[in-house]
1. When the range 27-52 is examined, which residues are found to be of a type in the set (V, I, T) and closer than 25 Å to A117 by Cβ?
2. Sort out which residues of the range 98-137 are open to solvent by 40 Å² or more (accessible area, probe 1.4 Å) and modelled with pLDDT of 90 or more, and write them in order of number.
3. Which residues, counting only those in the range 58-96, are of a type in the set (F, W, Y), out of contact with any Ser or Thr (no Cβ under 7 Å at 6 or more places or on another chain) and free of Cβ contacts under 8 Å to residues at least 40 places away in the same chain?
4. Would you pick out the residues in the range 77-97 that are within 23 Å of R35 (Cβ to Cβ) and open to solvent by less than 40 Å² (accessible area, probe 1.4 Å)?
Amino acid sequence: MDVSGSYSFAASPDAVWKALTDPTVIAGCLPGCDRLEPIGEDKYRAAMTLAVAAVSGSYTGTVSMLDKNPPHAYRLVIEGSGKAGFVNGEATIELVAEGTGTTVRVTGHGNVGGVIARVGQRLLGSVSKMMMDRFFACVQGQIGSA
């Protein structure tokens, strides 16, 4: 499953970078995130509760920010599993200065397996996009209120 999106921020790349790499902002904006705890440099243990179609469940896993090039880009790697299945994914997050603002471009790929994939296969792409849209809208709000 491929995911992509582009999000505009009325803030500098430095301000957007700071928000997108702040675990408190990430945990507060990531839909379904119950917990995000540091377990190493730029690596976190996550606990989430998600629902797709008739399947819902709790998932645990790791989130890693790799190949950081502040304030321009980083690679996000996610690995998680729960009773309803697993998810593994990787995305590139790019920040591009545009006038007085910043455009964030996201491109990535994920693999989902287990019951959640069998039951919600046709919905996974739209659910992933919806979660990304909600996350970035929340981050935009966080930057705007800072």
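1. Residues of the range 27-52 that are of a type in the set (V, I, T), as a first pass: 39, 49, 52.
Of everything in the range 27-52, those that are of a type in the set (V, I, T) and closer than 25 Å to A117 by Cβ turn out to be T49, V52.
2. Selection gives E98, G99, T100, R105, T107, H109, D133, R134, A137.
3. If we filter the range 58-96 for residues that are of a type in the set (F, W, Y), which is where we start, we get 59, 74, 86.
Among the residues that remain, those that are also out of contact with any Ser or Thr (no Cβ under 7 Å at 6 or more places or on another chain) are: 74, 86.
Answer for the range 58-96, where residues must be of a type in the set (F, W, Y), out of contact with any Ser or Thr (no Cβ under 7 Å at 6 or more places or on another chain) and free of Cβ contacts under 8 Å to residues at least 40 places away in the same chain: just F86.
4. Initial filter on the range 77-97 (within 23 Å of R35 (Cβ to Cβ)): 77-91, 93.
Scanning the range 77-97 gives V77, G80, G82, A84, G85, G89, A91, I93.
The values are calculated or read from the model by the stated rules, or taken from the named source; none is laboratory data. All figures in this text were calculated on a predicted structure; none of them were measured in a lab. Ideal geometry is used to build each Cβ from the backbone, glycine not excepted, and the neighbour counts take in all protein chains shown. For accessibility, only protein heavy atoms count, side chains too; no ligands or nucleic acids. Shrake-Rupley method; radii C 1.70, N 1.55, O 1.52, S 1.80 Å.
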